[in-house]
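Structure incoming, see below.
FYI, it's all coordinate maths here, none of it is from the lab. As the structure is a prediction and not an experimental result, all values here were calculated from the model. Here the Cβ positions follow ideal geometry from the backbone for every residue, glycine too, while neighbour counts run over all protein chains shown.
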Amino acid sequence: MTIIFDGLAAGMLLFLISVGLSVTLGLMNFVNLAHGAFAMLGGYTCALLLSRLGVPFLLAAPAAAATAALAGIILERTLYRRLYAATHLDQVLFSIGLIFMSISTAHYFFGATQQAFVLPDFLKGQINLPGLDVGIYRLFLIVVGLILAVGLQWMVSHTRFGAELRAAVDNPRAARGLGINVDRVFTLAFALGSGLAGLGGALGIEMLGLDPGFPVKYIVYFLIVVAVGGSGNIKGSLLASLMLGLFDVAGKYYLPQVGAFVIYAVMVVMLIVRPQGLFGRAAAK
Amino acid sequence: MTPVLQTRNLSKRFGGFFASKDVSLSIEPGARHALIGPNGAGKTTLINLLTGFLEPSAGEVFLKGEDVTRLAQHQRVKRGLVRTFQINRLFAEMTVLESVTLSVCERLGLGWNWWRPVGDHTAAIDEAAELLATLRLLDVAHTQTRSLAYGRQRMIEIALALAAKPQVLLLDEPAAGVPTDESRELFETIAQLPREVTIVLIEHDMDLVFRFAERISVLVGGALLTEDLPEVIARDRRVREVYLGEALDG
Amino acid sequence: MTPVKLDLSPLRRAAAWHWAEYAFWLLPLVAYFVFPKNLALLSQIAITALFCLSLDLILGYAGIVSLGHAAFFGLGAYAAGLMAKYGWGDPLLGLAGAALAAAAAGFLTSFLVLRGADLTRLMVTLGVSMMLYEAANKLTDFTGGVDGLQGVDIQPVLGMFSFDLYGKTAYWYSVAVLFLMFWVARRLVHSPFGLSLRGIRQNVGRMPAIGAPVNARLVAAYTIGAAYAGVAGALLTQTTQFVSLDVMAFSRSAELLLILVLGGTGSLYGALIGTMVFMAAHHFLSDINPQYWQFWLGAALVLIVLFARDGIMGLLRKLSAPARTPS
């Protein structure tokens, strides 16, 4: 049972980080391999605020999200935008460049070691139910993830911004004709995705760890979420993340010698068997 | 005489929409056959089905009596069924001579030859050059395709197909977007092709169709409305209603 | 039939060797005498150049994007290493074994890779290479895992030239293999097969309509590219007598892409020159500080994509033939 909770919590983290990629890669069709770098930025921001400045955790995490979102806005405005129409190969090369830069920057400032992370007292410990021990922090992650998933779903399907995003992604030219500021919508979507990634990175220090290799280490996980969940599909991303989290945690617990092999195999098989998970534009509904 | 190209109840469905519906067509060797119909009548879809670009939902395609319905595009080309595209599909960074040599090499079965340089396959190059001479393209033989004017590019679209030595040539609006005087020249070239080459043509310009075609099939809504001699088609009341009427009013 | 009055020589002689090419291949000889103390580095350059050539064949010529090309390099490296460890230490036999192993893997995975469009290809190649990496990581009895494969004992080349401490044999052996494989690749890209690959990259939709079996051609190209990468991996094993796990790492695939783009895709010399520039820069700059190096590497990649997509070869072409460039 503990494994299930661990898996769900890890899945929620994956969801937070990947849902933004699901929009940029799945809907805006931009292969942003550097997405994990935004999560890493959030992680380091949070760690720094906690350890150096003594900011309380509940403030540090949103601040981390805001920092990542801001970085997202700046990079989207200056660099990403120029490559929306480029080939996928160019986008890959570009984002690999960003990954390299982010890794070495993190290395320069924080060193190669894992960041220490101390949970605030109120999130420590366990709830002991008969036959079930639930870590409070795990529960916290699951609740936060669920709230955000519901909120996102509501935003995309019920707000003006959601409608504009769907229109802009579906047909940018027509959307412009309708008076939608497509550039601004894309920037905001990108910022939202980066911000959520930053939040995921901050909340995930305890479970996923945080070191300069972060953006590369989890790249495949993020891609799997998009591949399995379908493009820009929030419900799909959530389910895919939870499944992946469960499989990963269970796999590492029961079959450590197989390691991540199974996860990669799942991705390849998924891509072959159900490529529409990637390309079918189920749209955010 | 066995028809060189024949279809039996050929249909293509996209969801609930029939892009082709029960088309049974029969084309004699040496024919000059035009396919006409209003926009969205399924003309290009039909060519896509004939060449294997699309897989039919039902029905069969026969080439010289052989059922080719399940064959891949390139296998049908090897059997003599070659097409051109409504929107140019050219090799932008190759010279004109290189492009046509590539097509000749594929026809001669040299495509797997990975050792002797293209330049040593003199027969293929000579043949490509001769074809360029016939099509009056020699002056641009060493020019990159992308830097040519649209009318010349349209001619290369046809040259690539001719290099495959078609027995049946399917031309999908060969003169689309070409200025009038150049499209005259283009059609003169097509008209001069030997009778061994059966030609099926899609064209919107009725002047060109009635000057060139010896038989005309009219497609409406994916289905075959009628097929006859040009003069009969020109008098057909239904055709005038759905097609010529529209063209005359428009 | 009227005789054709056209000078066909531009196409007939397209495959002839240019004087600059002869000059280029004198470089390994010159380098040997100018940098006698850096033979290990020079061998590395030759090996990476061969690896880069292999990616150029599949990406630059056949147009197949790959994020996991190191998988084949690694397979070749392990194949040669294991062969040597278990008594088949003849270098040329090792190269052949590595080429076969990598080609087999390339052939099998090509069917997965070719199913999708660019995005799927990127992810499938990445996934496959990650799987192989994990496999090599976990099969410690076989590969040594993170500790690397020890006990690789390589016999003298052709039974005559044993691998010496100064790396002379290793250098000439690597350069010779590189040159031979380059020569074959050069024949290949100038052949009708090579022309058909260019056709596929420039307009994949037209090729079936002129009778070319596109998928079969791409399978062949991918298999050949994999075999080339395998040979490069084997060379690394044989010249260093060791296999480390990072032969299969993602960073190797990513770095290779960078090298190729730096040199210029779709040009064999682009692959070679890109490698030389990259490795030389790496050597001088990473001595100063490895972290700075990775940062500037990333920055260079971003700048190349934004401003110099044709790489060094594109630049050279512009310099050498300003008159021929269409305005």
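Can you tell me what share of the DSSP beta bridges in chain B is antiparallel? A percent to the nearest 5 is fine.
Of the beta bridges lying entirely in chain B, close to 55 percent run antiparallel.
For chain B, what are the per-bin percents of Cα-Cα distances with bins 10 Å wide, up to the bin holding the maximum?
7, 30, 35, 21, 6, 1, 0
Next up: Segment A:137-270: percent of C-alpha pairs farther apart than 18 Å?
63 percent
So, one more: Within 10 Å of each candidate Cβ there may be at most 16 other Cβ atoms; applying that plus a DSSP loop requirement, which chymotrypsin sites (Phe, Trp or Tyr not before Pro) in segment A:67-126 survive?
A:Y84
Which pairs break 21 Å Cα to Cα here: C:K5/C:K318; B:K12/B:K43; B:K21/B:K43; B:K78/C:K5; A:K124/A:K252; C:K37/C:K85?
Pairs exceeding the cut-off: C:K5/C:K318; B:K78/C:K5; A:K124/A:K252; C:K37/C:K85.
What average count of beta carbons from other chains do you get within 10 Å of the Cβ of residues in B:217-227?
Taking all residues of B:217-227 together, the mean is 0.
Could the peptides C:125-135, A:31-41, B:141-151 be put in order, highest first, of the mean number of other beta-carbon atoms found within 10 Å of their residues?
Highest-to-lowest ranking by the protection proxy: A:31-41, C:125-135, B:141-151.
Spin-label point model (7 Å from Cα, Cβ direction): what's the B:R8 to A:L123 distance in nm?
Rounded to a tenth, the inter-label distance reads 7.1 nm.
Output the 0 to 90 degree angle, nearest 10, between the alpha-carbon long axis of helix C:250-263 and the longest principal axis computed from the alpha carbons of chain C.
Roughly 40 degrees between the two axes.
On to the next question. Would you please give the FRET efficiency between A:R77 and C:L303, computed as 1/(1 + (r/R0)^6) with r the Cβ-Cβ distance and R0 = 22 Å, to the nearest 0.05?
0.80
Using only the alpha-carbon atoms, how far is helix B:122-134 inclined from the longest principal axis of chain B? Give it as 0 to 90 degrees, nearest 10.
Roughly 50 degrees between the two axes.
Let me ask something else. How big is the convex hull of the Cα atoms of segment C:37-248, per residue, in Å³?
111 Å³
With runs of 4+ DSSP H residues as the only contributors, calculate the mean residue ellipticity of chain C at 222 nm using -39,500 (n - 2.57) per run, divided by the residue total and rounded to the nearest 500.
After summing the helix terms and dividing by the residues of chain C, the value is -22500 deg cm²/dmol.
Now for a different question. Suppose we flag GluC sites (Glu not before Pro) only when DSSP calls them loop and at most 14 other Cβ atoms lie within 10 Å. Which is the longest uninterrupted stretch of chain B?
B:1-195
Sticking with this one: Hey, what's the Kirkwood Rh for chain A if you take every pair of different alpha carbons, in angstrom?
19.1 Å
Any idea what the alpha-carbon Rg over 2.2 N^0.38 Å comes to for the protein assembly as shown?
1.07
Between B:S217, B:S99, B:S57, find the one with the highest GNM mean-square fluctuation for chain B; connect C-alpha pairs within less than 10 Å.
Maximum fluctuation in the GNM of chain B, among the listed residues, is at B:S57.
How do the peptides C:27-40, B:109-122 rank, highest first, by the average count of neighbouring beta carbon atoms within 10 Å per residue?
Those peptides, ordered most packed to least, come out B:109-122, C:27-40.
Then there is this: What FRET efficiency, computed as 1/(1 + (r/R0)^6) with R0 = 22 Å and r the Cβ-Cβ distance, is obtained for B:S147 and B:T180, rounded to the nearest 0.05?
Approximately 0.40, to the nearest 0.05.
Right, next: With chain C treated as a Gaussian network of Cα nodes joined by springs under 10 Å, which of C:F163, C:F307, C:F278 yields the largest mean-square fluctuation?
C:F307
Right, another one. Please give me, ordered by residue number, the trypsin sites (Lys or Arg not before Pro) of segment B:166-218 that lie in loop per DSSP and have at most 12 other Cβ atoms within 10 Å.
B:R195
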